[in-house]
Amino acid sequence: MSRSFTLPDRTDLAAMLRLATPIVIVQVGLMLMGVVDTMVVGRLSAQALASVALGNLTVFAVSAFGMGLLMVLDPLVSQAIGDGDRPAVRRSVQRGLILAVALTLPSGLILSLAESLLTKLGQQPDIVPLAAGYARICILGLLPFFSFVVLRQTLQALQQVRPIVVIIVVANLFNFGLDWVLVFGFGPVPSLGPLGSAWATTAGRCLLFVGLLVLARRLVWPLLWPFDRQILRFAPLRRMVGLGAPIGIQIQLEFAAFAAVALLMGGMGAIEMAAHQVAINLASLSFMVPLGISGAAAVRVGHAIGAGDVEAARRAAGAALVCGAGFMSLAACTFITAPGMLAASYTSVPEVLLLAAALIPIAGVFQIFDGLQVVSIGVLRGLGDTHAPVIVNILGFWLFGMPVSLVLAFRLGLGPRGLWWGLVVGLATVAGFLLLRISWRFRHGVERVERD
């Protein structure tokens, strides 16, 4: 049997960081569009802020599966590039756009029913109409956004990420300016209040797709045209969905686990929920770095597998894990040693500050586990192994982490801290199983995913 991991050298680490750094910028940029919406609307009223936050959460919850499914382009395109199979790259991209259209229809239908769904979920009656209105407006941005994801994953696989970084920066500036104009009004433009931020986000998502088409036209247009009739064959499309659906399910399950903790925290009271939001926002920001490394890992591992160079795949996997764990170790030290200072950058309410400062060090404990699990998922995606993370996610978060959260929080009386220690257990379990899965895959042989 072959070895499972190979220690990376400086060249491997440098190559990983060169690709991962712009991908991290892109991930942060995508996150900032929602953050800016919330910050701008927060100047109106607490009701407006809550409605946009809920609307934003609803849109992400509905579109998360589609984003994950389209990440199937990571192994398909990167392995085809490694193998020098240009026609397969073209077919994968064109099929990705077909799936983007197909995903828009059910996602839009669900968002159109947002008011009824949010009411049944017990959300506050005074914020549901605005939140549902936000979600309905965002339906118009679904197809451009899913199409942008197709182009983004393709350019990442081509290791041509500069156009993505440029359009992310432009879209964020555009979104910020349009938010102010539409939310508060300017000149002849009337104030649209919270719904103005939805229109700004929708316009920003359209700009992401169109801008990327223009900026990367020399790379993208040859993949979009000429139209390849083989993309309409049912069997390859079914295999593509079968490979990508587990990625979407895995993202949905992980989101659901953290959302469940947030709902439980909200049931404890406003102070607990506010403190949770401070701590989880900090954890989410640090998470963007290993998330970017995960995307780079999928590309570099996929290239190596496509080229039939398993040793290079091992080195790429090792480099990704070292980079992810290294950064999250620094984040962990910061969270553990300076929780009060970090909490104070978000709030001055004494009760919230005190509880947030108690939760942030727990977030510090799970930083390394969180980094290892998301990077491991990227490595497995590069190998074309998308099913294992779903099973591991169910085991880690729902069979281990969530029961521990409930017991510690409610039976042993640890409250918010207990809920967060359950997250630590869940993330540690997921990280451990995923590392074992990577080791097993490398020891038992890896090869390119089935061709069409």
Notebook entry, point to check: How would you classify region 100-252 from its alpha-carbon gyration tensor, with a ≥ b ≥ c the square roots of the eigenvalues: rounded for a/c under 1.5, else prolate if a/b is greater than b/c, otherwise oblate?
Noted result: oblate
Item checked: Whole-Å distance, taken between Cα centres, linking region 145-204 and region 90-108 -> 21 Å
Note to self: Apply the a/c threshold of 1.5 to the C-alpha gyration tensor of the chain and tell me whether it is rounded, prolate or oblate.
What the structure shows: oblate
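Can you put Leu97, Leu321, Leu263 in order of accessible area, largest first, using a 1.4 Å probe?
Working: Leu97 45, Leu321 20, Leu263 125 Å².
Result of the area sort, largest leading: Leu263, Leu97, Leu321.
Mind checking the dipole of the chain: about its Cα centre, +1 per Lys or Arg Cβ, -1 per Asp or Glu Cβ, Debye to the nearest 20? It would help to have the intermediate numbers written out before the result.
Values: 30 positive and 20 negative charges, 220 e Å.
In total the dipole reaches around 1060 debye.
How do 168-180, 287-299 rank on mean C-beta neighbours within 10 Å, highest first? All intermediate terms of the calculation are to be shown ahead of the outcome.
On the way: 168-180: 18.9, 287-299: 27.9.
The most tightly packed comes first, giving 287-299, 168-180.
With a probe of 1.4 Å, find how much accessible area region 250-396 has per residue, and write the answer as a whole number in Å². Could you put the intermediate results ahead of the total?
Numbers: 4770 Å² over 147 residues.
For region 250-396, the per-residue accessible area is 32 Å².
If you take the square roots of the eigenvalues of the alpha-carbon gyration tensor of region 241-384 and sort them as a ≥ b ≥ c, do you get rounded (a/c under 1.5), prolate (a/b over b/c) or oblate?
Details: a/c = 4.11, a/b = 1.89, b/c = 2.17.
Here region 241-384 falls in the oblate category.
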Check: Which Cα, out of Trp180, Leu253, Ala100, lies furthest along the positive dipole direction of the chain (beta carbon charges, K/R +1, D/E -1)?
Finding: Ala100
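What ranking do 19-28, 234-243, 145-154 get when scored by the average of other Cβ atoms within 10 Å per residue, highest first?
145-154, 19-28, 234-243
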Next item on the list: Order Trp398, Trp225, Trp420, Trp199, most accessible first, counting only protein heavy atoms with a 1.4 angstrom probe.
Entry: Trp225, Trp199, Trp398, Trp420
Margin query: If you roll a 1.4 angstrom probe over the protein chains with everything in place, what fraction of the accessible area of region 111-238 belongs to carbon and sulfur, to the nearest %?
Written below: 70 percent
Next item on the list: Give, rounded to the nearest 20 debye, the magnitude of the charge dipole that region 166-307 has about its Cα centre when Lys and Arg contribute +1 at Cβ and Asp and Glu contribute -1 at Cβ.
Entry: 760 debye
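To the nearest 20 debye, what charge dipole does region 181-260 have about its Cα centre, counting +1 at the Cβ of each Lys and Arg and -1 at the Cβ of each Asp and Glu?
Details: 7 positive and 2 negative charges, 84 e Å.
Taking the Cα centre of region 181-260 as origin, the dipole is about 400 debye.
Filter the DSSP H helices in the chain by two things, a Kyte-Doolittle mean of at least 0.0 and an axial alpha-carbon span of 20 angstrom or more, and list the hits by number. Could you put the intermediate results ahead of the total?
On the way: long enough: 10-41 (46 Å, 1.45); 46-70 (35 Å, 1.58); 86-112 (39 Å, 0.79); 142-157 (23 Å, 1.20); 162-184 (33 Å, 1.84); 194-215 (31 Å, 1.43); 234-268 (50 Å, 1.23); 270-306 (51 Å, 1.14); 310-337 (40 Å, 1.19); 350-383 (48 Å, 1.60); 415-443 (43 Å, 0.80).
Span-like helices here: 10-41, 46-70, 86-112, 142-157, 162-184, 194-215, 234-268, 270-306, 310-337, 350-383, 415-443.
The values are calculated or read from the model by the stated rules, or taken from the named source; none is laboratory data. Fair warning: this is a prediction, and the values are worked out from it, not measured in the lab. Note that each Cβ is placed from the backbone with ideal geometry, even for glycine, and that neighbours are counted across all protein chains shown. Each accessible area value is taken on the protein alone, full model and side chains, heavy atoms only, with ligands, DNA and RNA left out. Shrake-Rupley method; radii C 1.70, N 1.55, O 1.52, S 1.80 Å.
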